[in-house]
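Since the structure comes first, as structure tokens, the remarks are kept for the end.
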Amino acid sequence: MKFTAINSVASNCPNMTDAHALDMARLGPWLRAHLPDISGEIAAEKFAGGQSNPTYAIKIDGAPRYVLRKKPPGVLLPSAHAVEREYQVTNALKDTDVPVARPLALCEDSDIVGTPFFIMQFVGGRNFWDARLPDMSPAKRSAIFDEMNRVLAALHKVDPTGLGLGEFGKPGDYFGRQVGRWTKQYRVTETEKIEAMERLIHWLPANNPGRAHSRIVHGDFRNDNMIFAPDAPRIVAVLDWELSTLGDPLADLAQHVMAWRFPNEGLRGLGDSDLPALGIPEEADYVARYFERLGGTPPTEAEWRYALAFALFRNAGIRQGVYKRALDGNASSDAALVHGKRAAAVAGLGWRIASGEGDAKLLKAD
């Protein structure tokens, strides 16, 4: 049996080094020992894009069969890049109404490819990087967005205790814990003072709505983290569960609808698009449909404003972390430098919403 490392990247990342290359001399035998019916030449090809956990297609005789997702190299922030938790949550969800790529094996031994990793089923289909869904009819766009809405509500209806995830996160005060966590992580990766972040760091604890909701939250539910069926507006796998935990579903929804607040250029959002002409629902209609599906009492206006401000604060913190990893040479993609530099703009939008501009949007990425 022959093992080959391809580790290719897309043309938009021409300066990627071999920092994320896999040692196939070690990985190949491990795959053969842990996965059934492997015969033929094994190759690993790195997926382009993504700023967090390096992800690879594992090909057998040239055809993708599995996906490997690993922690990046280098010194990492505490609890960040937790591929072990990704494996745990997707393994619990694999037979629910929430579509996931079926996880197959977890390796916590860093000697195999340098960091812990897990293997999951390869799921073929369509992946949409542009939220505007170009080259589609309005009716097809509407169906795609309705499917995302449906799956998010389905996730938030799942009883975590019934799936053995009762201790997947701490109960209660999700916003308080998350603000504290992301403030600490932001301080570790801070490269210059961002005034809007300083204001949010003080405003968010002082205005915590005190909600006690606790459900499985994805943490980064957006169109490019989903695989759709080739011929239908149906999600076949929600990907990238790195930030998942037990928390407030309102935070997950706010994170998801940031696309409506961001411009397309630079941030791949919808904020500068003619949504009715595209067949894409307005933010308010989309949120209302989610709560129709979820049931229960919708949030107050103050709670929704808080959730949006928090989502943008966290997003800015993530971007700052990506930027710092890029400076340190540990980012998964060369685009990390560009994304990181937008932390200040995202934080600025968060502060405008926190301070009362509830309908504020980010009209320029830079």
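The table below gives the values:
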| read-out | value |
| --- | --- |
| Members of the stretch 20-33 that are under 27 Å from the mean Cα position of the chain (by Cα) and outside any loop (DSSP other than H, G, I, E, B) | HIS20, LEU27, LEU31 |
| Hey, ASP240 modelled with pLDDT under 95, closer than 17 Å to GLU86 by Cβ and either touching a helix residue (DSSP H, G or I) at 6+ places or on another chain (Cβ under 6 Å) or among the basic types (Lys, Arg) (or both) or not | yes |
| Qualifying strands (runs of 3 or more DSSP E) (wholly inside the stretch 147-258; at least 1 residues being within 19 Å of the chain's Cα centre (by Cα) and over 30 Å from GLY124 (Cβ atoms)) | 245-247 |
| Any hit, the stretch 65-88, residues being among the acidic types (Asp, Glu), closer than 14 Å to GLU242 by Cβ and in contact (Cβ under 8 Å) with a residue 60 or more places away in the chain | yes |
| From ILE119, ILE112, residue being surrounded by fewer than 20 Cβ atoms within 10 Å (Cβ to Cβ) and β-branched (Val, Ile, Thr) | ILE112 |
| Which listed residue, of ARG293, ARG305, ARG289, is within 27 Å of PRO205 (Cα to Cα) and modelled with pLDDT of 95 or more | ARG305 |
| Number of the condition not met by LEU106 [criteria: (1) out of contact with any Leu (no Cβ under 9 Å at 6 or more places or on another chain); (2) assigned to a helix (DSSP H, G or I); (3) among the aliphatic types (A, V, I, L, M)] | (2) |
| Residue check, GLY114 at positive phi and either out of contact with any helix residue (DSSP H, G or I) (no Cβ under 8 Å at 6 or more places or on another chain) or among the acidic types (Asp, Glu) (or both) | yes |
| Which numbered condition ARG261 misses (of (1) among the basic types (Lys, Arg); (2) surrounded by fewer than 21 Cβ atoms within 10 Å (Cβ to Cβ); (3) out of contact with any His (no Cβ under 7 Å at 6 or more places or on another chain); (4) closer than 27 Å to LEU200 by Cα) | (2) |
| Residue tally, condition in a strand (DSSP E or B), farther than 16 Å from ASN53 by Cβ and touching a Lys or Arg at 6+ places or on another chain (Cβ under 6 Å), over the stretch 109-134 | 1 |
| Filter result for ASP109 (among the acidic types (Asp, Glu), closer than 25 Å to GLY169 by Cβ and not assigned by TED's automatic domain parsing to the domain that holds GLN185) | no |
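For every residue, the table says whether it meets (1) touching a Gly at 6+ places or on another chain (Cβ under 6 Å); (2) surrounded by fewer than 18 Cβ atoms within 10 Å (Cβ to Cβ); (3) without any contact (Cβ under 8 Å) to a residue 12 or more places away in the chain; (4) aromatic (Phe, Trp, Tyr).
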site	(1), (2), (3), (4)
THR297	no, yes, yes, no
TYR306	no, no, no, yes
PHE310	no, no, no, yes
GLY317	no, no, no, no
TRP351	no, no, no, yes
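To keep it simple, each residue is scored yes or no on (1) surrounded by 17 or more Cβ atoms within 10 Å (Cβ to Cβ); (2) out of contact with any strand residue (DSSP E or B) (no Cβ under 9 Å at 6 or more places or on another chain); (3) touching a residue at least 40 places away in the same chain (Cβ under 8 Å).
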residue: SER137; (1), (2), (3): no, yes, yes
residue: ILE144; (1), (2), (3): yes, no, yes
residue: MET148; (1), (2), (3): yes, no, yes
residue: ASP159; (1), (2), (3): no, no, no
residue: GLY162; (1), (2), (3): no, yes, no
residue: GLY169; (1), (2), (3): yes, no, yes
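The rows are residues; the columns are (1) out of contact with any strand residue (DSSP E or B) (no Cβ under 6 Å at 6 or more places or on another chain); (2) buried (at least 21 other Cβ atoms within 10 Å of the Cβ); (3) over 25 Å from ARG325 (Cβ atoms).
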residue: LYS193; (1), (2), (3): yes, no, no
residue: ILE201; (1), (2), (3): yes, no, no
residue: PRO209; (1), (2), (3): yes, no, yes
residue: SER244; (1), (2), (3): yes, yes, no
residue: GLY247; (1), (2), (3): no, yes, no
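The values are calculated or read from the model by the stated rules, or taken from the named source; none is laboratory data. Quick caveat, the model's predicted, so the values are computed rather than measured. We place every Cβ from the backbone using ideal geometry, glycine too, and count neighbours over all the protein chains shown.
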